1. I need the full set of residues from the range 50-101 which are near ligand 1 (Cβ under 8 Å from one of its atoms), part of a helix (DSSP H, G or I), β-branched (Val, Ile, Thr) and in contact with a helix residue (DSSP H, G or I) (Cβ under 9 Å, 6 or more places away or on another chain), in order please.
2. Which number in (1) more than 16 Å from ligand 1 (Cβ to nearest atom); (2) in contact (Cβ under 8 Å) with a residue 40 or more places away in the chain; (3) touching a strand residue (DSSP E or B) at 6+ places or on another chain (Cβ under 6 Å) marks the one condition that Val251 misses?
3. Residue by residue through the range 192-215, note down the ones that are loosely packed, with under 11 Cβ neighbours inside 10 Å, in a loop (DSSP other than H, G, I, E, B) and either in the same structural domain as Glu155 (by TED's automatic domain parsing) or among the hydrophobic types (A, V, I, L, M, F, W, C) (or both).
4. Just checking, which of Asp218, Asp226 is acidic (Asp, Glu) and surrounded by 11 or more Cβ atoms within 10 Å (Cβ to Cβ)?
5. Can you tell me which condition Met213 does not meet? The list is (1) over 20 Å from Glu155 (Cα atoms); (2) touching a helix residue (DSSP H, G or I) at 6+ places or on another chain (Cβ under 9 Å); (3) not basic (Lys, Arg), and all the others hold.
6. Among the residues of the range 104-143 satisfying the criterion of being under 30 Å from Val207 (Cα atoms) and charged (D, E, K, R), which is farthest from ligand 1 (Cβ to nearest atom)?
7. So, of the residues in the range 167-222 that are within 16 Å of ligand 1 (Cβ to nearest atom) and among the hydroxyl-bearing types (Ser, Thr, Tyr), which turns out to be farthest from the chain's Cα centre (by Cα)?
8. Looking at Glu142 and the list (1) assigned to a helix (DSSP H, G or I); (2) modelled with pLDDT of 95 or more; (3) crowded, with 16+ Cβ neighbours inside 10 Å; (4) under 14 Å from the mean Cα position of the chain (by Cα), which single condition is not satisfied?
Amino acid sequence: MKLAIIGLGNMGQAILSGILKNNILEAEQIIAADKKFANADFEIEEKFKEINITDDNKEAVQKADYIILAVKPQIIELVLEDIQNSAASKVIISIAAGVNTRTLSQYFTANTKIIRVMPNTPALVAEGMSALYYSNLVEADERAFVEKIFNSLGETAEVKESDMDAVTGLSGSGPAFVYIFIEALADAGVLKGLARDTALKLAAQTVKGGAEMVLSSDIHPAALKDMVCSPAGTTIAGVAELENKAFRSAVINAVQKAAERSEELGR
Ligand SMILES: NC(=O)C1=CN([C@@H]2O[C@H](COP(=O)(O)OP(=O)(O)OC[C@H]3O[C@@H](n4cnc5c(N)ncnc54)[C@H](OP(=O)(O)O)[C@@H]3O)[C@@H](O)[C@H]2O)C=CC1
Ligand SMILES: O=C(O)[C@@H]1CCC=N1
């Protein structure tokens, strides 16, 4: 079994790291295609040095059974044109935001198996969330293999294709919204006199701990919030300010805008 990864950027590298770290494939079973990294002068992480990296997408596709497309949506059609004649009867896995199976399938024969995945960057620390959509030709063993890859990067969930834009707005883009929240918490700590590194640690661990409480209990987030709010205490004073500044509405709108942009990229 051989895997090609086209595009070794943020997500391509995260996926490659997970596969190697978890021994899902041996280095010699993987071929990556990215001009930048095929150039010997370019800095590449030590752990990727055993991987065959080419600047020829077609060569990578020809040598593989599974192909992960990890290039930007804006250039994916160029890549698809380039590889379409080499991809017959292979499993195509696209992580590109917005690009739907209708667009992808235009480049391949009717029996090409297509999988869409929306991962996120916490995959780099094995805390990713990947949503997977399998088109109906994909066989059980192929699903199992692809699921294994993305399970090595964190959690997975199977979704309908029609949910992919929502997923992209929430868990695909969501890490950026969380980082902004963490940065703002830390800035507030600094404003109140904390050292920057202390403030950042407090902020990040608070978000991590809050997420863990939600994931590991059946308690609704609203009830968990109530447990922090003492009557006439400190927290409810802060909560009132968040409501006053329409924090929830800003978050909801951010996810909605990101999902709409995903829809746009698919047109
Ligand atoms: N970043 C994220 O949080 C997430 C991204 N995605 C999706 O993943 C995909 C990749 O995103 P991301 O990793 O952030 O993007 P990056 O720009 O970091 O990675 C894309 C890589 O592909 C390379 N590349 C450009 N053109 C070609 C080509 N013709 N053939 C092969 N490789 C090429 C780029 O090189 P160069 O830099 O020289 O152009 C770059 O190294 C996107 O479609 C995005 O929607 C999905 C979920 C989360
Ligand atoms: O911003 C983007 O378009 C990509 C897709 C999801 C996260 N990053």
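The values are calculated or read from the model by the stated rules, or taken from the named source; none is laboratory data. Everything numeric in this text was worked out from a predicted model, so none of it was measured. Here the Cβ positions follow ideal geometry from the backbone for every residue, glycine too, while neighbour counts run over all protein chains shown.
1. Within the range 50-101, Ile76, Val79 qualify.
2. (3)
3. Ala195
4. Going through Asp218, Asp226 in turn, the sole match is Asp226.
5. (1)
6. Per the stated criteria, the residue is Glu127.
7. Among residues in the range 167-222 that are within 16 Å of ligand 1 (Cβ to nearest atom) and among the hydroxyl-bearing types (Ser, Thr, Tyr), the one farthest from the chain's Cα centre (by Cα) is Tyr179.
8. Only one criterion is unmet by Glu142, namely (4).
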